[in-house]
1. Just for segment 206-250: of the residues that are surrounded by 10 or more Cβ atoms within 10 Å (Cβ to Cβ) and among the β-branched types (Val, Ile, Thr), which one is farthest from residue 296 (Cα to Cα)?
2. In this structure, is residue 467 modelled with pLDDT under 85 and more than 11 Å from the ligand (Cβ to nearest atom)?
3. Which of the residues spanning segment 341-364 are within 16 Å of the ligand (Cβ to nearest atom) and surrounded by fewer than 17 Cβ atoms within 10 Å (Cβ to Cβ)?
4. Identify the single condition in (1) touching a Gly at 6+ places or on another chain (Cβ under 9 Å); (2) farther than 30 Å from residue 117 by Cα that residue 148 does not satisfy, given that it satisfies every other one.
5. Quick check on segment 1-25: of everything there that is among the polar types (S, T, N, Q) and touching a helix residue (DSSP H, G or I) at 6+ places or on another chain (Cβ under 7 Å), which residue is modelled with the highest pLDDT?
6. Where in segment 22-115 are the strands (runs of 3 or more DSSP E), entirely inside, with at least 1 residues that are among the basic types (Lys, Arg) and open to solvent by 70 Å² or more (accessible area, probe 1.4 Å)?
7. May I ask you to list the residues in segment 251-277 that are basic (Lys, Arg) and surrounded by fewer than 12 Cβ atoms within 10 Å (Cβ to Cβ)?
8. Evaluate the following for residue 452: is it buried (at least 17 other Cβ atoms within 10 Å of the Cβ), at pLDDT 90 or above and either under 25 Å from residue 292 (Cα atoms) or within 11 Å of the ligand (Cβ to nearest atom) (or both)?
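The values are calculated or read from the model by the stated rules, or taken from the named source; none is laboratory data. This one's a predicted model, so the numbers in the text were calculated from it and none came from an experiment. Cβ: placed from backbone, ideal geometry, glycine included. Neighbour counts: every protein chain shown. Ligands, DNA and RNA are excluded from the accessible area calculation, which covers all protein heavy atoms including side chains. Shrake-Rupley method; radii C 1.70, N 1.55, O 1.52, S 1.80 Å.
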Amino acid sequence: MTLSGRLSAFFLASLALVLAGFSSALYFAAVSYFDRSIDDRLGSALATLAALAEDGPGGLEWEPHDRRAIPGKDSDPDQVRWIVRGDRGEVVDRSPNLGGGKLPASATSRWADASGVPWRVAAREVRSADPGWPGRRRHEMPRSRAFALTVALRLDPSEAALARLGLALGLLSAAVWGCSALAGRRISRRALAPLTRMVADTRDLGVEDPTRRLPVARTGDEVEDLGLAFNGLLDRWHEALERQRRFAGDASHQLRTPLTAVLGQVDVALRRDRPPEEYRRVIGLVRDQADHLRRIVEALLFLARAEADADATWPDLDRFDLAAWTSAQIGRRADLGRGDILSWQPPDESSGPFTVRAHPALLAQVFDNLLDNARLYGDPDAPVTLRVAREPGVVALSVEDRGRGIAPADLPRIFEPFYRGDASGRRGKPGAGLGLAVARRIALAFGGSLDAESRLGEGSRFTLRLPELPAPAGLVPGLLQATG
Ligand code: ADP
């Protein structure tokens, strides 16, 4: 069933319920109104007749002075009919419009006469207040001891009116329901037409032209939102596709270049016999290129794995004090003779441990990359400033160099795999543009971030931020050198 069909069915079922409820309520209100008005008319007719029975010594007398006050002269079917009977059952008087007709002696809410006409009958007894009755003989009392008053109204006029009302309500409800069904169908079809068109357009979209977008009708409602959201998704998908294509192109280029160099060197070396030191030189070059290739492949594997495990939690993370860990890393680099000129002021003891949770070896890779870049792209004679500071909820490790800085156009792209900025400042660094991409991925994996700020011609600052944790009891900074 289509969406418009489901919506219309729900709407029409609700409307049918409302109309049925409303019509029944109206019909039963009319039934109760007719009931009450018939009872009221019979009651007031009984009261009028009772007032006409004159009580005196010797019993009741039926001889009304003003016969005009008596109801029942009009022969209309909806007029009251009545009979007054004496205590011996004899008919004392009857309404002119009753003719020779009969009425039952007792009250009944529905009584059918000989010709099947329905009636409602009400009755009342009027008794004499003369106390002479008990003990006197019947013939000594010429008047009646009691009158039985019976009044009746035909029910067929009000029943016919109710039947007409029922029919009118039924027809009106059916007409309202039918018109609503037609209008609802048109409206829902028109409202959903842009959606139907969008479905047809989506089926037409092919992968051969990823720049194609859905035409979005400016309806200002959810359908427009859906179209815009879908086009947004296509934009992001296109962007991701482009990134992937660029990545594949860059990766193959980066892998092909050292391979071509290796093959070239080997071919030249094999062209004729050479002295052993020449072979040693070529083998050394081949080794360097192979090492470079190994590093590229390792970085690519890391990025691919990190991408696939984006939501996975990393096992084996250690908790440690980032300030103490940084001091230990500086010592390690000095031992390796990496030639850093550093300005490093460990934070005060009073500021307590800067506890973070990370994989020390991977974090050391980020640290090395930032310091190597600062040394290579910054001014080699100016010290690189290292700082560990506390920010709300995070611990920040910043590496700041003075030097050429990064052009504003390059800044947002330096974390993309294979992106290498201005070639003039590389000073022959054999990188592949993967270091910062890997470093940022590592920071993200630990729930942190890696950001760069830079002023062209002045220098750059890279800041690694990691969530700060409460210090574990008995954290020993010296222990970190073993893990770092
Ligand atoms: P690589 O160093 O192998 O080129 P990276 O991913 O480490 O790759 O760096 C990407 C680019 O970012 C570099 O090519 C360089 O242009 C720029 N960059 C990185 N660090 C700095 C820095 N400290 N100062 C200036 N530019 C930098």
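1. Per the criteria, the residue is 219.
2. Values: modelled with pLDDT under 85: no; more than 11 Å from the ligand (Cβ to nearest atom): yes.
No: the conditions fail for residue 467.
3. 341, 342, 343
4. (2) is the only condition that residue 148 fails.
5. Initial filter on segment 1-25 (among the polar types (S, T, N, Q)): 2, 4, 8, 14, 23-24.
Those left that are additionally touching a helix residue (DSSP H, G or I) at 6+ places or on another chain (Cβ under 7 Å): 4, 8, 23.
Values: 4: 75, 8: 84, 23: 95.
Selected residue: 23.
6. Values: elements: 53-56, 59-62, 81-85, 91-94, 108-112.
The qualifying strands (runs of 3 or more DSSP E) are 91-94, 108-112.
7. Here is the first cut: in segment 251-277, the residues basic (Lys, Arg) are 256, 271-272, 274.
Residues satisfying the conditions are 256, 271, 272.
8. Numbers: buried (at least 17 other Cβ atoms within 10 Å of the Cβ): yes; at pLDDT 90 or above: yes; either under 25 Å from residue 292 (Cα atoms) or within 11 Å of the ligand (Cβ to nearest atom) (or both): yes.
In short, yes.
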